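Quick notes on the structure that follows.
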Amino acid sequence: MNIHRQRVLDSLNHKETDRVPIDFGGTYTTTIFYAAYERLKAELKFAGPETQIYSKTRRLAIPDEAILQRFDVDTRFVGLGAYDGDQREIDEDTYLDEWGTTWKKTEDGHYLYVDGPFFDLKKPNRERLETGNWPDPDNPGYYKGLRERAEKQRATGAAVILNMPIGIIHQGQFLRGFGDWLKDLYKNRAFTERMMDKIAEHWIAVAENALDICGDTIDIVFFGDDLAGQSAPLFDPAIYRELLKPRHARMINAVKRKADVKVLYHSCGAVSQLIDDLADIGVDALNPVQVAAGDMEPASLKRRFGGRIAFWGGIDTQRILPFGSVDEVAAEVGRVIDILGDGGGFVLNSVHNIQDDIPIANIIAMFDAARAHGLSGKRAG
């Protein structure tokens, strides 16, 4: 097995490696905003092909193979294709996706969802869900060229990550609206449970289809569903355990029945109260490890949960990367590696996608320091 792939899988199996694995662009939450990537390419004097963009609404770059080799990156991205039909540009800055959610481009180039099929319903009911225009999980657009892309990434010798659509939380919010979706957890249980089931059923069918096509080339399946804000979970952990956890478990179980893969789960924020729950349902690694959020200090996380789950991310994008010096970035990389990488169980990346406010010198410093820094053997405490 190639050293890059072996390094990632060993770390996820809590084995110490020659150096901590590095991820850049392996998922749609561990890559870089396209404008920042263009500046990175210019700094590195990279005159390669035109930048590949993942997702019209996210505006994220898929780093070129030459850039990944420059930073000795251990992961590679595989994504689904675009849905055929039922999505369209309303105008130059407005987009309708296959779920019926409308997205509007902001001044900085990001898209925000502004309307959806169940927005502003005062008394939502399950019947409305049954008559909705739900996307087809067998739509050929999702799978066009998937096998070829996966085989190409497998040939690099890196760990290959299949990026799945967002989960029941985000998709529900995009369909219903953030505030109403949260209220539905408490006030409209029948409606929200059926909505989550419809989303989960679609997600599982897509995952099974994709893994039938390329499962033998995939090492990790990734999806995201935020559970927390900066200081606390978005909802009572008891609500998660009652309503959301069983559906997440169904999704993860379906993946692991279909292929021999690890599951990488993304949730921003202060998610520590729910880490044991994620481990319970088969999550192998947690991203992004938002170290500036409440109760997310690396040493505490490693001590409390390091035996049950691996950590993926960890380099602060709220203070260190945008505002620190090159030396401060390198020092923070070493500190986090010494804690989270001790004994394995850590893949290094920035906390969420690299945005355009981060100096290019700090991006380079982060990856170069990670490659240069060996594991110290210090115990997290």
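What to note about this one:
- Of all beta bridges that DSSP places with both ends in the range 65-186, some 65 percent have antiparallel geometry.
- Surface/4 estimate of mean projected area, convex hull on alpha-carbon atoms of the range 1-95, nm²: 8.3
- Angle of helix 245-258 to the longest C-alpha principal axis of the chain, folded into 0 to 90 degrees and rounded to 10: 70°.
- Within the listed set 259, 285, 159, the Gaussian network model of the chain (springs between alpha-carbon atoms below 10 Å) gives the highest mean-square fluctuation for 259.
- The residue list 158, 186, 142 was ranked by how far each Cα lies along the charge dipole of the range 136-197 toward its positive end, using unit charges on Cβ atoms, and 158 comes out on top.
- Calculated [θ] (222 nm, deg cm²/dmol) that DSSP helices of n ≥ 4 give over the chain, each run adding -39,500 (n - 2.57): -11500 deg cm²/dmol
- Taking Cα centre as origin and charging only the Cβ of basic (Lys, Arg, +1) and acidic (Asp, Glu, -1) residues, the dipole magnitude of the range 23-163 rounds to 300 debye.
- Ascending count of other beta-carbon atoms within 10 Å, so fewest first, for 231, 272, 55: 231, 55, 272
- Largest GNM mean-square fluctuation among 236, 136, 219, using the chain with Cα springs under 10 Å: 236.
- Net charge dipole, the chain: roughly 820 debye, given to the nearest 20, about the Cα centre with Cβ charges of +1 for Lys and Arg and -1 for Asp and Glu.
- Taking the chain as a Gaussian network of alpha-carbon nodes connected by springs under 10 Å, the highest mean-square fluctuation of the residues 246, 49, 165 belongs to 49.
- Distant alpha-carbon pairs in the range 133-215 (separation over 17 angstrom), percent: 55
- About the Cα centre, charge dipole magnitude for the range 91-228 (Lys/Arg +1, Asp/Glu -1 at Cβ), debye: 400
- Cα-based helix-to-principal-axis angle, 178-187 vs the chain, degrees rounded to 10: 60
Quick note: the coordinates plus some simple rules give every number you see, no bench work behind them. Here the structure is a predicted model, which means the values were calculated and not measured. Because the Cβ atoms are built from the backbone with ideal geometry, glycine has one as well, and the counts that use them run over all protein chains shown.
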